[in-house]
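The next block holds one structure in the form of structure tokens; read it before the comments.
The values are calculated or read from the model by the stated rules, or taken from the named source; none is laboratory data. Here the structure is a predicted model, which is why all the values come from computation and not from measurement. Every residue, glycine among them, receives a Cβ derived from its backbone with ideal geometry; neighbour counts consider all protein chains shown.
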């Protein structure tokens, strides 16, 4: 016969057993389900192939936008060609993140967002669009992880901070989105004409009357040129990159009366560079191509490397 004490102990054992069952069974299942729901990738439904507009807002309120047209990303508002290497990397990194079924959770506490720089005051807000007007993602990029192998991200109305396995620092450097390439001539240049305000100089390595190939001046007088010096100039002019992109103001750039025009010619090559004024307050010069209205800036050293006389190439 059970005593009152034994019944009490039995009741306690039943309660403990029931608690252990609930913890190891239904409660644990609920917690695991909740954890999986928390870790679910909120970007997983996006098809990166359909994303054709990306808008980034800095913590200073500056908005930068790129739009994909005909397979090419261009920076707004003037549809400046975006740097292809950066765009390829951006698409690849976003695709990798989107493909992950779950995201690692770095913190469940909204108060920690500032530490991960995924708050409005520190992070970069990123919006992805399909068909330009259909917003499919809106999240904030924070700082890189301590191992430099990932990035923290979060979103509005979500206390959690997530850790993705990609670094976004370079691809979301919005100041570097615009392509700084001025010339990228793939064909062989065999002639260059320097048009100064009061003089024209022409050099070539087209075979002479005896079939010999060597760099020489044609005008204003004929003389053999140094091969290494001349080819150094040709290579610099054929693969020229800007240091910055200024305001697109042709009048202030001085292209109405340029200090120098350089025409590069060859098989399938006909490109003219126009060098304008010195940028006020800096050792840099305005430059553009004759068949393109885009204005760039190059250093004084770059400019001096292009502005050649015959004596410089002998």
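Going through region 140-154 one residue at a time, which ones are out of contact with any helix residue (DSSP H, G or I) (no Cβ under 7 Å at 6 or more places or on another chain) and buried (at least 20 other Cβ atoms within 10 Å of the Cβ)?
Here is the first cut: in region 140-154, the residues out of contact with any helix residue (DSSP H, G or I) (no Cβ under 7 Å at 6 or more places or on another chain) are 140-141, 144-151, 153.
Across region 140-154, the qualifying residues are 140, 141, 151, 153.
Can you tell me which of 294, 288 is part of a loop (DSSP other than H, G, I, E, B) and either under 28 Å from the mean Cα position of the chain (by Cα) or under 21 Å from residue 230 (Cβ atoms) (or both)? Working first, answer last.
Working: 288 fails: part of a loop (DSSP other than H, G, I, E, B).
Answer to the selection: 294.
Going residue by residue through region 239-246, is there one that turns out to be in contact with a helix residue (DSSP H, G or I) (Cβ under 6 Å, 6 or more places away or on another chain) and at pLDDT 95 or above? Spell out how you get there, then give the answer.
Here is the first cut: in region 239-246, the ones in contact with a helix residue (DSSP H, G or I) (Cβ under 6 Å, 6 or more places away or on another chain) are none.
No, region 239-246 contains no residue that is in contact with a helix residue (DSSP H, G or I) (Cβ under 6 Å, 6 or more places away or on another chain) and at pLDDT 95 or above.
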*Could you please tell me which pairs satisfy a Cβ distance under 7 Å, a separation of 6+ or placement on different chains, a first residue in region 87-101 that is without any contact (Cβ under 8 Å) to a residue 12 or more places away in the chain, and a second residue that is surrounded by 18 or more Cβ atoms within 10 Å (Cβ to Cβ) and assigned to a helix (DSSP H, G or I)?*
none
*Complete set of residues in region 170-180 that are in contact with a strand residue (DSSP E or B) (Cβ under 6 Å, 6 or more places away or on another chain) and either assigned to a strand (DSSP E or B) or surrounded by fewer than 18 Cβ atoms within 10 Å (Cβ to Cβ) (or both)*: 178, 180
*Counting only residues that are assigned to a loop (DSSP other than H, G, I, E, B), touching a residue at least 60 places away in the same chain (Cβ under 8 Å) and either at positive phi or in contact with a helix residue (DSSP H, G or I) (Cβ under 8 Å, 6 or more places away or on another chain) (or both), how many does region 254-277 have?*
1
*Please verify whether region 221-243 includes one or more residues that are assigned to a loop (DSSP other than H, G, I, E, B), under 29 Å from the mean Cα position of the chain (by Cα) and either over 17 Å from residue 180 (Cα atoms) or not assigned by TED's automatic domain parsing to the domain that holds residue 75 (or both).*
yes
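I need the full set of residues from region 255-293 which are farther than 30 Å from residue 206 by Cα and surrounded by 17 or more Cβ atoms within 10 Å (Cβ to Cβ), in order please. Before you say what the answer is, go through the steps one by one.
Here is the first cut: in region 255-293, the ones farther than 30 Å from residue 206 by Cα are 255-257, 277-286, 293.
Answer for region 255-293, where residues must be farther than 30 Å from residue 206 by Cα and surrounded by 17 or more Cβ atoms within 10 Å (Cβ to Cβ): 255, 279, 284, 285, 286.
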